[in-house]
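Student: Sharing a structure below in structure tokens format, with a few things to ask.
Taken together, the values in this text are just the output of simple stated rules run on the coordinates, not laboratory data. What you are looking at is a predicted structure, and each value in this text was computed from that prediction instead of being measured. We place every Cβ from the backbone using ideal geometry, glycine too, and count neighbours over all the protein chains shown.
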2 protein chains.
Amino acid sequence: MMNNKQIILKHYVEGYPKESDMEFKNSIIKLNVPEGSNVVVLKNLYLSCDPYMRNRMSKLEGSYVQSFTPSYPITGYGVSKVLKSGDSNFQEGDLVWGMTGWEEYSIVTNTQSMFKIDHDKDVPLSYYIGILGMPGMTAYAGFYEVCSPKKGETVFVTAASGAVGQLVGQFAKMLGCYVVGSAGSKHKVDMLKTKFGFDEAFNYKEEQDLDAALKRYFPDGIDIYFENVGGKMLDAVLVNMKLHGRIAVCGMISQYNLDKTEGVHNLFCLIAKRIRMEGFLVFDYYHLYPKYLEMIMPQIKAGNIVYVEDIAEGFESAPSALVGLFSGLNVGKQVVKISCE
Amino acid sequence: MMNNKQIILKHYVEGYPKESDMEFKNSIIKLNVPEGSNVVVLKNLYLSCDPYMRNRMSKLEGSYVQSFTPSYPITGYGVSKVLKSGDSNFQEGDLVWGMTGWEEYSIVTNTQSMFKIDHDKDVPLSYYIGILGMPGMTAYAGFYEVCSPKKGETVFVTAASGAVGQLVGQFAKMLGCYVVGSAGSKHKVDMLKTKFGFDEAFNYKEEQDLDAALKRYFPDGIDIYFENVGGKMLDAVLVNMKLHGRIAVCGMISQYNLDKTEGVHNLFCLIAKRIRMEGFLVFDYYHLYPKYLEMIMPQIKAGNIVYVEDIAEGFESAPSALVGLFSGLNVGKQVVKISCE
């Protein structure tokens with residue numbers, strides 16, 4: 001029997017989530033595998049804070065994700081260590097990433113979507129909830145599979161310093177595209193240019209007129225828009241797209257906390273410019289994960305691709321880290337470190 | 001020298017177009033080809049009224065179509081007879097379809113987009129501005145090339161009795177899809193079911209709740225939406241799409257006369273349902289025209305595909321016919337017959 005601190009969702013959330021929508025709970029867990037069971041017992045090391053989790057804090061029906069269950073621990077991506085295993089695919093001591101609970105220890109029954117980590121000491125373990133995990137695969141699938149990118153094209157990325165955006169920008173640069181990103185602070189904008197190699201970047205909060213801002217950076221228009229924010233920005237982008245442009249719709253974080261989403265008015269541009277706008281979810285692309293790892297690992301080790309994480313220390317910091325995502329407090333991928341190996 | 005009645009646009013239009021935005025003009029034309037010129041002199045027989053013409057009545061900049069020029073004749077698709085030709089591709093007496101002027105006689109300098117008609121007496125000549133012309137190619141390219149349709153899928157078509165919609169529905173039925181159309185009158189709705197073979201149809205003007213209407217006809221969701229109207233209907237469709245659905249964006253006629261277009265709020269569905277939404281223009285697909293003719297001609301002759309036209313008689317009726325499109329007065333493809341062969 002062990003004490004197991006947990007973070008539970010108190011109730012469904014409306015508007016911006018607050019730390020007080022969550023609470024800590026002390027529970028007790030038995031760290032063993034009952035005979036004949038194939039569960040895996042995990043010690044959680046890193047928890048991931050991702051924008052899609054906001055949707056799960058609402059009461060959803062027929063959505064692509066399930067709502068969290070009030071009074072139960074929040075769930076999300078994490079990096080964990082296997083303590084006990086009733087599943088022959090996992091052994092005691094294995095490091096894994098996948099869905100886990102916001103708690104110190106988790107008992108996982110569905111091991112289908114759990115990936116074993118072939119840990120390379122040169123690469124931080126936390127990367128498996130970032131560049132080497134779901135956000136990395138999202139950027140990879142979204143950019144290469146959905147955007148149909150070509151060398152020399154112009155690419156615009158919103159939420160560009162975030163877990164996904166920073167990678168999309170770097171992938172686009174690797175391919176020889178002209179890349180512009182937007183973010184919400186001077187620090188992030190500087191980082192886009194100096195650290196991630198974006199050609200240009202701007203702070204959307206300082207632009208009175210998003211259309212004018214886009215025209216400044218894309219006088220000849222945008223071939224590819226990697227959409228992470230939605231709303232007003234999408235409207236401004238639509239009128240600045242080039243003929244036969246592509247919009248990969250990855251997220252709409254600006255809309256998640258609104259009672260009523262903003263209306264998008266310029267969809268006629270889809271016709272006039274023959275634009276393909278396509279939503280995607282990373283779940284449909286995990287079969288490409290081995291191929292992605294093969295591509296990305298050498299790039300990370302060679303320093304060709306960098307990844308910025310914002311690591312909150314300690315289990316107690318998880319609620320504020322998650323809440324902070326929605327006001328853009330994080331700089332880079334938001335991670336919560338809850339334990340060393 | 002001949003008298004040549006013309007219909008000119010008096011001024012750029014705001015809001016719904018009115019007959020008084022156009023006026024008749026008597027001018028004089030010389031029906032000959034100057035030596036060394038490659039112009040073609042046409043006698044116009046049929047004029048086409050199409051929704052996209054509304055856009056050309058506004059002052060446009062950088063659009064996919066050019067504005068009409070105030071004080072000059074309106075231009076549009078027509079069926080015409082060649083009176084004189086300086087272009088070796090066309091002979092006196094040929095029947096052609098393509099861009100012409102809203103006037104009795106036109107002198108065409110750009111013959112590149114003019115198609116020669118291999119006239120079959122079994123097929124009405126007016127079909128060349130309908131099922132055998134731009135609207136036919138629009139339905140063909142939009143459905144087969146953009147929608148990626150598969151047998152057994154569920155298809156929703158708006159403006160379903162119009163020049164394009166009636167064909168999309170019939171193409172979808174031919175492929176073995178379940179097809180529902182919406183239109184704006186009882187007469188049109190009846191026609192969709194009895195004449196064009198749609199599985200179901202409804203009058204959108206009689207539905208208080210478009211979402212509920214769609215759920216009634218698509219309890220399991222929509223695979224393919226052929227978008228002709230935009231606005232509120234698009235919003236309702238988005239929440240009723242199936243996973244991996246496709247939206248071919250052909251037109252948004254409900255929005256063309258509004259000062260400010262309606263906002264579309266449910267675009268997050270693109271992500272949750274991995275929807276591809278793609279705008280297209282028929283101009284990009286005219287290379288498929290011979291292939292289309294080969295497919296469609298036998299179907300017309302066999303009576304497998306029907307086409308309903310709304311023929312306004314006489315040159316004088318053209319302005320009211322065009323204006324009527326935007327309040328849905330037309331039943332089927334709106335044609336203006338201005339002369340017999």
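Student: What ranking of A:310, B:223, A:259 emerges when the number of other C-beta atoms within 10 Å of each C-beta is taken as an exposure proxy, fewest first?
Tutor: Details: A:310 19, B:223 23, A:259 6.
Ordered from fewest to most neighbouring Cβ atoms within 10 Å, A:310, B:223, A:259 come out as A:259, A:310, B:223.
Student: From Cα coordinates alone, what are the radius of gyration and Dmax values for the stretch A:207-337 in angstrom?
Tutor: 18.0, 52
Student: So, counting K/R as plus one and D/E as minus one, what does the shell of residues with Cβ under 11 Å around residue B:7 add up to? Walk me through the numbers on the way to the answer.
Tutor: Details: positive: B:5, B:10, B:25; negative: B:19, B:21, B:23, B:103, B:104, B:316.
After counting each charged neighbour, the total is -3.
Student: Take the alpha-carbon centre of the stretch B:132-175, take the same for the stretch B:217-296, and report the distance between them in whole Å.
Tutor: 11 Å
Student: Between copies, how far apart are the residue B:150 label points? List them in nm, one decimal, shortest first, with each point 7 Å from Cα toward Cβ, please?
Tutor: 2.9
Student: What is the diffusion coefficient of chain A in µm²/s, taking the Kirkwood radius over Cα pairs and the Stokes-Einstein relation at 37 °C with a viscosity of 0.692 mPa s?
Tutor: 158 µm²/s
Student: Under a Cβ-only charge scheme (Lys and Arg +1, Asp and Glu -1), can you give me the dipole magnitude of the stretch A:134-283 about the Cα centre, in debye to the nearest 20?
Tutor: Working: 17 positive and 16 negative charges, 57 e Å.
It works out to roughly 280 debye.
Student: Sticking with this structure for a sec: Just for the Cα atoms in the stretch B:134-283, what are the lengths along the principal axes, largest first, rounded to whole Å?
Tutor: 35, 35, 30
Student: Which ordering of A:137, B:99 is given by a fewest-first count of other beta-carbon atoms within 10 Å?
Tutor: Working: A:137 22, B:99 17.
With the fewest neighbours first, A:137, B:99 line up as B:99, A:137.
Student: Could you please state, rounded to a whole Å, how far the C-alpha centre of the stretch A:44-81 is from the C-alpha centre of the stretch B:2-80?
Tutor: When both Cα centres are located, 59 Å separates them.
Student: For residue B:209, what charge total do you get from the other residues with a beta carbon under 14 Å from its beta carbon, if Lys and Arg give +1 and Asp and Glu give -1? Kindly include the intermediate steps, with their values, before the conclusion.
Tutor: Numbers: positive: B:205, B:215, B:216, B:232; negative: B:206, B:207, B:211, B:235.
Around residue B:209, the surrounding residues sum to 0.
Student: Return A:171, A:115 ranked ascending by Cβ neighbour count within 10 Å, so the fewest neighbours appear first.
Tutor: Working: A:171 25, A:115 17.
With the fewest neighbours first, A:171, A:115 line up as A:115, A:171.
Student: What is chain B's relative contact order, in percent, from Cα pairs under 8 angstrom and six or more apart in sequence? All intermediate terms of the calculation are to be shown ahead of the outcome.
Tutor: Working: 727 pairs, mean separation 58.5, N = 341.
Reported as a whole number, the value is 17 percent.
Student: Enumerate by residue number the GluC sites (Glu not before Pro) in the stretch B:88-139 meeting two conditions: DSSP loop (anything except H, G, I, E, B), and at most 15 other Cβ atoms within 10 Å of the site's Cβ.
Tutor: Working: sites: B:92, B:103, B:104; in loops: B:92, B:104.
Sparse-neighbourhood loop GluC sites (Glu not before Pro): B:92.
Student: If we hang a label 7 Å off Cα along the beta carbon direction at residue B:293, how far is it from the matching labels on the other copies, in nm, shortest first?
Tutor: So the distances to the same position in the other copies read 5.7 nm.
Student: Can you return the lysines within cross-link range of residue A:5? Criterion is Cα-Cα under 22 Å, with same-chain partners fewer than 8 residues away left out.
Tutor: Qualifying lysines at Cα under 22 Å: A:18, A:25, A:30, A:43, A:81, A:84, A:337.
Student: Same structure, new question: Of all the residues in chain B, which one has the C-beta that comes nearest the axis relating B to A, and what is the distance in Å?
Tutor: B:263, 1
Student: Under the Kirkwood approximation applied to all pairs of distinct alpha-carbon atoms, what is the hydrodynamic radius of the protein assembly as shown in Å? Provide the component values of the computation, followed by the final result.
Tutor: On the way: mean 1/r = 0.0358 Å⁻¹.
Its Kirkwood hydrodynamic radius stands at 27.9 Å.
Student: Between residue A:93 and the same site in the other copies, what are the distances in nm, shortest first, taking label points 7 Å from Cα along the C-beta direction?
Tutor: Values, ascending and in nm: 9.4.
Student: Would you work out which of B:125, B:236, B:326 lies farthest towards the positive end of the dipole of the protein assembly as shown, given +1 charges on the beta-carbon of Lys and Arg and -1 on that of Asp and Glu, about the Cα centre?
Tutor: It is B:125, whose Cα lies furthest towards the positive end.
Student: Still on this structure, I have one more. What is the dipole size for the protein assembly as shown, taken about its Cα centre, with +1 at each Lys and Arg Cβ and -1 at each Asp and Glu Cβ, in debye to the nearest 20? Could the numbers behind the result be given before it?
Tutor: Numbers: 68 positive and 76 negative charges, 40 e Å.
The dipole of the protein assembly as shown has a size of about 200 debye.
Student: Please tell me the relative contact order of the stretch B:102-224 in percent, rounded to the nearest whole number, where contacts are Cα pairs under 8 Å and at least six residues apart. Walk me through the numbers on the way to the answer.
Tutor: Values: 158 pairs, mean separation 24.6, N = 123.
The normalised contact order for the stretch B:102-224 reaches 20 percent.
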